[in-house]
Amino acid sequence: MSTVTYRALTTYKYQTRHDVTWETGITPEEVFESPFIAMDSTGRLTIKGGYAWDGASGGMPDSGTNMRSSLVHDALYQAMRNGFLGLHHRDAADRLFADMCKQDGMWHWLANLAYLVLKYFGTPNAEPQDRDEIQWSTVPTAIA
């Protein structure tokens, strides 16, 4: 099991301290790399040091059982929003979130409930945006 080192932020909640990599089982249509996330042809997701995310969503409190999964899930949804990963991978991303929560000690019924919340209410957070409107920065503005 990998560990995630992060710090609390004001605009986002957390920021990774170093690069982290996971085998997602999600095969992208194309290999991609952005300033903070990358995915190879086998589905290996790399989240680069400095990536910021907002922790768990949907009323679920952040805890040791969902920090790792919320990081990976947020990066996958960002890849979908930015057009790097097809929206048809959303269910696999949602299932991966639940599986990682279970691996990290979350009660199975709660992880399954979180999956259902993502399945039925997560679409707007994954829908692609116009790539020309995406603003990339190497440091979140709250950190400057």
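State whether one or more residues within segment 9-22 are free of Cβ contacts under 8 Å to residues at least 60 places away in the same chain and under 22 Å from Lys119 (Cβ atoms).
Let us first name the residues in segment 9-22 that are free of Cβ contacts under 8 Å to residues at least 60 places away in the same chain, namely 13-14, 16-22.
Filter once more, so that each one left must be under 22 Å from Lys119 (Cβ atoms): 22.
Scanning segment 9-22, I find at least one residue that is free of Cβ contacts under 8 Å to residues at least 60 places away in the same chain and under 22 Å from Lys119 (Cβ atoms), so the answer is yes.
Checked against (1) more than 12 Å from the chain's Cα centre (by Cα); (2) at negative phi; (3) not hydroxyl-bearing (Ser, Thr, Tyr), Leu76 passes all but a single condition, namely (1).
Of everything in segment 105-122, what is open to solvent by 30 Å² or more (accessible area, probe 1.4 Å) and touching a helix residue (DSSP H, G or I) at 6+ places or on another chain (Cβ under 7 Å)? Give them in sequence order. Of everything in segment 105-122, those that are open to solvent by 30 Å² or more (accessible area, probe 1.4 Å) and touching a helix residue (DSSP H, G or I) at 6+ places or on another chain (Cβ under 7 Å) turn out to be His108, Asn112, Leu118, Lys119.
Taking the criterion of being at pLDDT below 95 and over 12 Å from the mean Cα position of the chain (by Cα), would at least one residue in segment 97-111 satisfy it?
Step one: of segment 97-111, the residues at pLDDT below 95 are none.
Among the residues of segment 97-111, not one is at pLDDT below 95 and over 12 Å from the mean Cα position of the chain (by Cα), which makes the answer no.
The values are calculated or read from the model by the stated rules, or taken from the named source; none is laboratory data. Just so it is clear, the structure is predicted and the values come from calculations on it, not from any experiment. With ideal geometry, Cβ positions are generated from the backbone for all residues, glycine too; neighbour counts draw on all protein chains shown. When the accessible area is computed, the model is the full protein with side chains, heavy atoms only, and any ligands, DNA or RNA have been set aside. Shrake-Rupley method; radii C 1.70, N 1.55, O 1.52, S 1.80 Å.
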